[in-house]
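The values are calculated or read from the model by the stated rules, or taken from the named source; none is laboratory data. Since the model is a prediction, treat every value here as computed from it, not as a measurement. Neighbour counts run over all protein chains shown; Cβ positions are idealised from the backbone, glycine included.
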Amino acid sequence: MTRSGIDADALIRQFSEATAKQGDAVRQSVQEATLRALQGRELSLKSIKEVLKVVTQAVSAGAARNPAGEDVDALLSNAVAGMDAAVLKAVEASRRALEQLVEQGVGLQEKQLKKALTDIEKMEDTLFAAIHKAAGEANGLQAPWAQALQGFRQEGSATGGAAVNALQALTTQSQAALREGRALGQRGAQALLEHYAALASGVLIGMSGAMAGAPTSAKPSRTKR
């Protein structure tokens, strides 16, 4: 069954049968499922929340059926890592889209651009909050989910580190554009900003396609802030 662009049944089946030794495989499956669901959507915090909710529910359903109870903690940690890696790509797609706008002279003071920057800043909190909320409905798995999330909160997620770097890079780029006199008028800036969401979604689709040949053993790094 496909729900919100996610093959929830496939995730449930994989987590119900997986062992801790298959951590890389389940992490990659969660990352790919999350990214596929985000493709073609408006890249917004609302969309990310909706997708993470469905993925978390599917992972919980599968993990609850897994007979190897001692492996559940590791499986859920890998699930969080997979969702973190996917949202990291959303941060990168947003950054690349905004870089294109800034390059064309759109200033960071524009209202819509300010909101886009704020959304990037909120992506880590959105990641944790969405998983926490959906995991709270998973009977018997609240403690393992809480432990998995706690580890990421303490070490810092890849999403959080990327968001900090993106905001710094965009600020530096915008300042350089102002010094060079590359500034659009209000009308020109507004015309570009109207297409920001579609531009960011298109960038994410391109990035997701490029990942198709990536090795499943690649573990996303987490940047401590």
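I want to confirm something. Restricting to the stretch 38-50 and keeping residues that are over 11 Å from the mean Cα position of the chain (by Cα) and at pLDDT 90 or above, which single residue is nearest to residue 94 (Cα to Cα)?
Keep residues of the stretch 38-50 that are over 11 Å from the mean Cα position of the chain (by Cα), which gives 39-42, 46, 50.
Narrowing further to those that are at pLDDT 90 or above: 46, 50.
Values: 46: 14, 50: 18 Å.
Checked the stretch 38-50; the qualifying residue nearest to residue 94 (Cα to Cα) is 46.
Could you grab me the full set of residues in the stretch 111-154 that are in contact (Cβ under 8 Å) with a residue 24 or more places away in the chain, in a loop (DSSP other than H, G, I, E, B) and within 22 Å of the chain's Cα centre (by Cα)?
Scanning the stretch 111-154 gives 137, 138.
State all residues of the stretch 161-182 that are of a type in the set (Lys, Arg) and either at pLDDT 90 or above or not in a helix (DSSP H, G or I) (or both); if no residue qualifies, say none. So that I can check it myself, show each step before the final result.
Initially, the stretch 161-182 is screened for residues of a type in the set (Lys, Arg), giving 179, 182.
182 - this is the single residue of the stretch 161-182 that is of a type in the set (Lys, Arg) and either at pLDDT 90 or above or not in a helix (DSSP H, G or I) (or both).
Residue 125 versus (1) surrounded by 13 or more Cβ atoms within 10 Å (Cβ to Cβ); (2) modelled with pLDDT under 95; (3) among the acidic types (Asp, Glu): which is the lone unmet condition?
With respect to (1) surrounded by 13 or more Cβ atoms within 10 Å (Cβ to Cβ); (2) modelled with pLDDT under 95; (3) among the acidic types (Asp, Glu), residue 125 is out only on (2).
Could you check, for the stretch 50-69, whether at least one of its residues is buried (at least 23 other Cβ atoms within 10 Å of the Cβ), of a type in the set (D, E, K, R) and touching a Ser or Thr at 6+ places or on another chain (Cβ under 8 Å)? Before you say what the answer is, go through the steps one by one.
Taking the stretch 50-69 as the starting set, the residues that turn out to be buried (at least 23 other Cβ atoms within 10 Å of the Cβ) are 51-52, 55-56, 58-60, 62-63.
Okay, now just the ones that are also of a type in the set (D, E, K, R), so none.
Scanning the stretch 50-69, I find no residue that is buried (at least 23 other Cβ atoms within 10 Å of the Cβ), of a type in the set (D, E, K, R) and touching a Ser or Thr at 6+ places or on another chain (Cβ under 8 Å), so the answer is no.
Could you list all residues from the stretch 9-46 that are touching a strand residue (DSSP E or B) at 6+ places or on another chain (Cβ under 9 Å) and either surrounded by fewer than 23 Cβ atoms within 10 Å (Cβ to Cβ) or aromatic (Phe, Trp, Tyr) (or both)?
Of everything in the stretch 9-46, those that are touching a strand residue (DSSP E or B) at 6+ places or on another chain (Cβ under 9 Å) and either surrounded by fewer than 23 Cβ atoms within 10 Å (Cβ to Cβ) or aromatic (Phe, Trp, Tyr) (or both) turn out to be 9, 36.
For (1) touching a helix residue (DSSP H, G or I) at 6+ places or on another chain (Cβ under 7 Å); (2) at pLDDT 95 or above; (3) more than 22 Å from residue 53 (Cα to Cα); (4) among the polar types (S, T, N, Q), each residue gets a yes or a no:
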| site | (1), (2), (3), (4) |
| --- | --- |
| 129 | no, yes, no, no |
| 138 | yes, no, no, no |
| 142 | yes, no, no, yes |
| 159 | yes, yes, no, yes |
